[in-house]
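Novice: Before I ask anything, here is the structure I am working with.
The numbers here are math on the coordinates, done by the rules we state, and not lab data. Not measured: the values here are computed from a predicted model. Neighbour counts run over all protein chains shown; Cβ positions are idealised from the backbone, glycine included.
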Amino acid sequence: MWRGNKKYCINFSGTNLFFPIFYQYKVVVIFIITVLLNNVCEGVFIMYNSTIPKMDGLLAMSSDKMPTHYSIVESVSKTKLHRHRRQVIAGAMYEWRSNEIPFQIWGGDFNFQNLIRRGIKMWETETCLRFKENMQAQDAIRYVLERGDSCFTEFIGRNGGFQDIIIGSECAEEYVVAHETGHALGFWHTHQRPDRERYISINWRNVLEEATASFMPFRSMLQAFGIKQVSNRRVPYDYGSLMHYHAVAHAVKVSDFTIVPKELKYVTTMGTEKMAFLDAKVINDIYCPNKCNGGRPLNCQAGGYPDPNNCNVCRCPEGLGGIECNQLQPSSCGAELRALNQWQTLRSPQGKNVHCYWRISVPEGMRVRFRLSDGEFPCSYGCQSYVEIKHKLDVRLTGFRSCCYRPKEDTISEGNQIFVIYHPNGRTARFTLRYIAQTI
């Protein structure tokens, strides 16, 4: 429960039909209290300092303290209840009418207005969406500044009429604006997908009681409210989505996790402040699937697709470049490397502002075995400064980002290559990677 200005923000976003039976009565009580309190508290951001939880299979890389971070609490109130049926919809009828989306900014000074535009720009840079400021529009997103630490979106997907995104003064960040805009565009939270049990576990004992609904699979909410209109787009589960909670969101004890990835190496990938390749691809598939028809013929590789912002090239997963995503992404400090039958070492270059891409490959029919033997980064969930390793066959997926932990064990690639991505992002950082060719 969040307390501020004598309000009590209770978390509720639907009934969990799959939730363990001994929790059901708590959810009902939370719902009733929420209606009675008549608070508008969806999307509250809570700041806290936390100690890194210890887990078997992972080693801390540097600091043992987490910096101040935000987590999201979503709730529903009496004033929103009559609209809740539409609040959780992300089907075609809740898409915006075109790729040009009207918006308005209400309140705030020059700095706040620029913050909103920078958050919007994150979507414009990666997609065909264009946000048009129009104070006369009657069907638009409204970004509203309010005092406090409450940031939330009224609906998931287009509602029709004004759709308010409230940005509290204490949670006003570019990525927060982009995240809440993602909800207005139709995105669910990744960790609430109905197939999430294959990828994460919820540590219910450590979830704040008032936040239980924020961890329910959204299919439960749809069934509870009799909603049937949802998108059936198949998108792989991405720990690095902008729409994923971090590992200690809404924790009773911040020394323990609330969300545990099945692959522990992804623990600090969750909660990123960056847009994932697949986040942008979903939007481009919806709003401009035919933008490049009739243009230059392209044979995009590795899950890339014609870039709707420049139809002469493919938009590529990070780590890949070239016109058709068949080359390593250019950088001043990366290279193509070949794993041999003896251990080799890759060390990060010096410099706080470098951005490096390496591809380590072996012949077809072999694999790359590797381990992070050393590393030092500023530690945060979501990893603002990190080394990322993509070792899966689907290179569209965000790799595991290491800034607090490194796996104890060796990892073996799913295919015959891995990508190593290094972003210190202005911080003092370093890593050492050991690798060797592995026969199957």
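Novice: Test of understanding: what is the full-extension gain from Thr125 to Thr345, defined as 0.36 nm times their sequence separation minus their Cα-Cα distance? Mind showing how you got there, number by number?
Specialist: Working: separation 220, 0.36 × 220 = 79.20 nm, distance 3.56 nm.
Full extension of this stretch gives 75.6 nm more.
Novice: Just report the Cα centroid separation between region 393-409 and region 238-293, whole Å.
Specialist: 13
Novice: Ok, one more. Would you mind checking the pairs Lys121/Lys265; Lys352/Lys392; Lys352/Lys390 and listing those with alpha carbons more than 24 angstrom apart? Numbers along the way, then the final one.
Specialist: Working: Lys121/Lys265 31 Å; Lys352/Lys392 28 Å; Lys352/Lys390 22 Å.
Pairs exceeding the cut-off: Lys121/Lys265; Lys352/Lys392.
Novice: Follow-up. So if we plug the beta-carbon distance of Ser169 and Asn353 into 1/(1 + (r/R0)^6) with R0 = 35 Å, what FRET efficiency do we get, rounded to 0.05?
Specialist: On the way: r = 30 Å, r/R0 = 0.86.
Plugging the Cβ-Cβ distance into 1/(1 + (r/R0)^6) gives 0.70.
Novice: Still on this model: Taking 20 °C and 1.002 mPa s as the conditions, I'd like the Stokes-Einstein D for region 247-371 in µm²/s, using the Kirkwood hydrodynamic radius from alpha carbon pairs. If you can, show how the numbers build up before the last one.
Specialist: Working: Rh = 18.0 Å.
The estimated diffusion coefficient comes to 119 µm²/s.
Novice: Quick one: putting +1 on the C-beta of Lys and Arg, -1 on the C-beta of Asp and Glu, what dipole do you get for region 324-387 around its Cα centre, in Debye to the nearest 20? Don't skip to the end; give the middle numbers.
Specialist: Values: 7 positive and 5 negative charges, 34 e Å.
Magnitude of the dipole: close to 160 debye.
Novice: I would also like to ask the following. Using 0.36 nm per residue of separation minus the Cα-Cα distance, give me the extension gain between Ser331 and Gln113 in nm, one decimal. Mind dumping the intermediate values first?
Specialist: Values: separation 218, 0.36 × 218 = 78.48 nm, distance 3.33 nm.
My answer for the length gained is 75.2 nm.
Novice: Here is a further query. Between Arg234 and Lys408, what is 0.36 nm times their sequence separation minus the Cα-Cα distance? Round to one decimal in nm.
Specialist: Working: separation 174, 0.36 × 174 = 62.64 nm, distance 3.30 nm.
Stretched out fully, the Arg234 to Lys408 stretch lengthens by 59.3 nm.
Novice: Let me ask you something else. With 26 Å as the cut-off, how large is the P(r) tail for region 90-208, expressed as percent of Cα-Cα pairs?
Specialist: On the way: 1692 of 7021 pairs.
Looking at region 90-208, the distances longer than 26 Å represent 24 percent of pairs.
Novice: For a Förster distance of 25 Å, can you work out the FRET efficiency between the beta-carbons of Ser98 and Gln136, rounded to the nearest 0.05?
Specialist: Details: r = 17 Å, r/R0 = 0.69.
Taking R0 as 25 Å, the efficiency between Ser98 and Gln136 is 0.90.
Novice: Setting aside same-chain residues fewer than 8 positions from Lys253, which aspartates and glutamates have a Cα under 20 Å from its Cα?
Specialist: Leaving aside aspartates and glutamates fewer than 8 places away in the same chain, those within reach of Lys253 are Asp56, Asp64, Glu74, Glu209, Glu210.
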